[in-house]
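In what follows, a single structure is set out as structure tokens and then discussed.
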Amino acid sequence: MRRVNCHAWSLTALVLLALAGSGHARGKPVDSPAPPVLQAQGTVQAAFAPWDDIEGIIIARLADARQQVLMQAYLLTNRKIVDALVEAHRRGIEVKVLMDQGQLDKNSTERLQQLRAAGIPVWFETLYRSAHNKVIVIDAGQPSGTVITGSFNFTWSAQHRNAENILVLAGDGALVARYAANWQRHCEDAQAAP
């Protein structure tokens, strides 16, 4: 597969500093000090499926994006969430997606085709048995920067059939920067989708 540049050019120097101090080299853990303990800032929203509308929360946050959306997806089959990613891209938001390649053949081919047809760059993570991150980073480097993470796969079943959770962490620049730097580190080792 060809390599496509995955640099998140719009990230601030804070993200670059977080990446430089990550203690990891090209996907392989190295001996390093413990990750920093950050003083929490901003807001936290916890939601639990099937009772809470996690799908709706994610879609609303994507609609509020002003600059950038970085996604790490183990499974990505939820049409409404992919539609929201495409809509953000159409509004001029930079949208980039990392996917677990092992799940692609089983589950996510149609959604991948939808993203690619819209012009959204996608990379496959291949270095890990499971690229099991379920993360959306929105507007890193901005006061409204947000991380969405938890057990929730981006699937219809996660909302309607499973017991799942997410945390929406907003307004904590250092935390959002660490997640954006982690996304970047994974992207550097990923392969561009054809």
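For segment 34-95, the fraction of C-alpha pairs farther apart than 18 angstrom is 49 percent.
For the Cα trace of segment 55-194, dividing Rg by the Kirkwood Rh returns an Rg/Rh value of 0.92.
Stretched out straight at 0.36 nm per residue, the stretch from T109 to S157 would grow longer than its current Cα-Cα span by 15.6 nm.
The equivalent ellipsoid of segment 124-183 has semi-axes of 22, 17, 8 Å, largest first, where each one is the square root of 5 times an eigenvalue of the Cα gyration tensor.
Values quoted throughout were computed directly from the atomic coordinates according to the rules given, and no laboratory measurement underlies them. All figures in this text were calculated on a predicted structure; none of them were measured in a lab.
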